[in-house]
Amino acid sequence: MTAMSMRPVATARGVDIFCPKIGKFAFLKSPFAAHTTLSAVDIYSGGTFGDIAPSPVKGEVIDIREYLSPTPFKDRDFMEYIIAIRQDDSVVKILHSKPVVDVGDTVDVGDPLGILIKNGYFYFWNEPPLHVEVRDVGDYIRASNDNPLLTKFSFSGSDFSMESNIKCRVEFCDERFALLKGDYQGDGVKGYELGGGLLDGIIPLGDWDAIDYFGLVGMDVPVPYLKSVGNRFMISAKYVTASLSTEKPVNCRALGFSLSFCEPTIKLIPLKYGEKLFDVGDCVDIKLNLLNDPEVKIK
């Protein structure tokens with residue numbers, strides 16, 4: 001396997017984190033503790049479960065741990081792995097891959113790191129990412145982390161309105177989710193704009209408390225936010241509403257937004273596994289509204 005073409009997306013403590021040029025990444029699509037402190041990023045290499053993931057960082061592999069993830073299916077292999085890579089006085093913690101490296105190996109950005117796995121941390125609609133954090137030496141096992149990630153890119157929005165209407169076409173659909181494409185924004189890093197920032201994370205389409213926040217990446221945001229670091233803002237889901245206009249009625253639980261160097265997609269998540277929402281080529285209109293007052297609902 002030759003090294004993939006990689007680009008930097010985030011940094012902390014002098015450590016740069018890279019994403020494949022053909023992949024995508026998200027800071028706030030997960031309920032893991034480190035995401036809530038703005039200290040983690042999920043890197044999607046563009047592969048499927050079972051594929052080899054490229055390393056998002058360089059350094060020396062100093063530790064590999066394994067443990068069982070939470071699951072009701074005791075007859076399945078739900079092992080999780082921690083790969084710890086040291087770079088100077090920091091350690092990069094990586095989850096969700098079965099290592100093909102050994103302790104003592106030196107890896108470069110893009111080198112083969114591990115096999116993308118699926119375990120008890122994944123919902124049915126998840127694609128396989130590497131969960132990446134930068135940690136203090138000697139403190140890379142526990143879940144909580146407070147080393148926030150700064151982006152390695154900028155976005156200066158051109159549309160600061162509180163509403164966005166995205167006309168989309170279905171590019172992919174199966175029993176797990178649908179992927180939609182519409183008019184996106186951004187030069188190097190691309191995504192879908194709302195309120196002058198690029199959307200990052202999950203936006204509910206109804207009552208759903210699995211993740212109650214989302215992100216915007218930009219110079220500023222026009223609504224209150226929970227936390228911020230650099231040009232990243234974490235916003236409560238109560239400050240956004242979303243609705244769909246489709247050719248046939250569908251029941252969906254949420255929209256998923258990621259950032260990409262290629263054409264970004266929007267993930268549409270069904271209420272339950274097995275509900276195929278669309279056919280490829282179907283048209284879907286998405287309406288998003290930011291709310292200054294979450295008690296005032298948009299019709």
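The values are calculated or read from the model by the stated rules, or taken from the named source; none is laboratory data. Keep in mind that this is a model prediction, so the values were computed, not measured. Note: ideal-geometry Cβ built from the backbone for every residue, glycine included; neighbour counts use all protein chains shown. The accessibility values were calculated without ligands, DNA or RNA, using every heavy atom of the protein model including side chains. Shrake-Rupley method; radii C 1.70, N 1.55, O 1.52, S 1.80 Å.
For the stretch 27-39, the candidate set comprises residues that are farther than 19 Å from Gly191 by Cα and small (Gly, Ala, Ser); within that set, the residue that is surrounded by the most Cβ atoms within 10 Å (Cβ to Cβ) is Ala34. Reported count of residues in the stretch 146-158, each being in a loop (DSSP other than H, G, I, E, B) and either aliphatic (A, V, I, L, M) or open to solvent by 70 Å² or more (accessible area, probe 1.4 Å) (or both), is 6.
Can you name the residue in the stretch 109-124 that is touching a Ser or Thr at 6+ places or on another chain (Cβ under 7 Å) and either assigned to a loop (DSSP other than H, G, I, E, B) or at pLDDT below 95 (or both) and is also surrounded by the most Cβ atoms within 10 Å (Cβ to Cβ) among such residues?
Taking the stretch 109-124 as the starting set, the residues that turn out to be touching a Ser or Thr at 6+ places or on another chain (Cβ under 7 Å) are 109-111, 113-117, 119-121.
If we keep only those that are either assigned to a loop (DSSP other than H, G, I, E, B) or at pLDDT below 95 (or both) as well, we get 109-111, 117, 119-121.
Details: Val109: 18, Gly110: 19, Asp111: 19, Ile117: 21, Asn119: 18, Gly120: 14, Tyr121: 18.
Only one residue fits best here, namely Ile117.
Looking at Lys93, Lys58, can you tell me which residue is without any contact (Cβ under 8 Å) to a residue 60 or more places away in the chain, of a type in the set (Lys, Arg) and crowded, with 19+ Cβ neighbours inside 10 Å?
Numbers: Lys58 fails: crowded, with 19+ Cβ neighbours inside 10 Å.
The match here is Lys93.
Open to solvent by 10 Å² or more (accessible area, probe 1.4 Å) and touching a Ser or Thr at 6+ places or on another chain (Cβ under 9 Å): is that true of Glu127 in this structure? When the stated conditions are applied, Glu127 passes them.
Residues to consider are Tyr273, Tyr239; find the one that is more than 22 Å from Glu163 (Cβ to Cβ) and among the hydroxyl-bearing types (Ser, Thr, Tyr). Checking each option against the conditions leaves just Tyr273.
Scan the stretch 246-258 and tell me whether some residue there is over 16 Å from Ile211 (Cβ atoms) and modelled with pLDDT of 95 or more. No, there is no match, as no residue in the stretch 246-258 is over 16 Å from Ile211 (Cβ atoms) and modelled with pLDDT of 95 or more. Only one of (1) open to solvent by less than 20 Å² (accessible area, probe 1.4 Å); (2) assigned by the TED database to the domain that holds Lys248 is not met by Glu171, so which one is it? Against the list (1) open to solvent by less than 20 Å² (accessible area, probe 1.4 Å); (2) assigned by the TED database to the domain that holds Lys248, Glu171 comes up short only on (1).
Can you tell me which residue in the stretch 174-190 is most open to solvent (accessible area, probe 1.4 Å), limited to those that are outside any loop (DSSP other than H, G, I, E, B) and of a type outside the set (S, T, N, Q)? Walk me through how you get there before you give the answer.
Step one: of the stretch 174-190, the residues outside any loop (DSSP other than H, G, I, E, B) are 178-181, 185, 190.
Among the residues that remain, those that are also of a type outside the set (S, T, N, Q) are: 178-181, 190.
Details: Ala178: 0, Leu179: 27, Leu180: 1, Lys181: 58, Lys190: 35 Å².
Filtering first and then ranking leaves Lys181.
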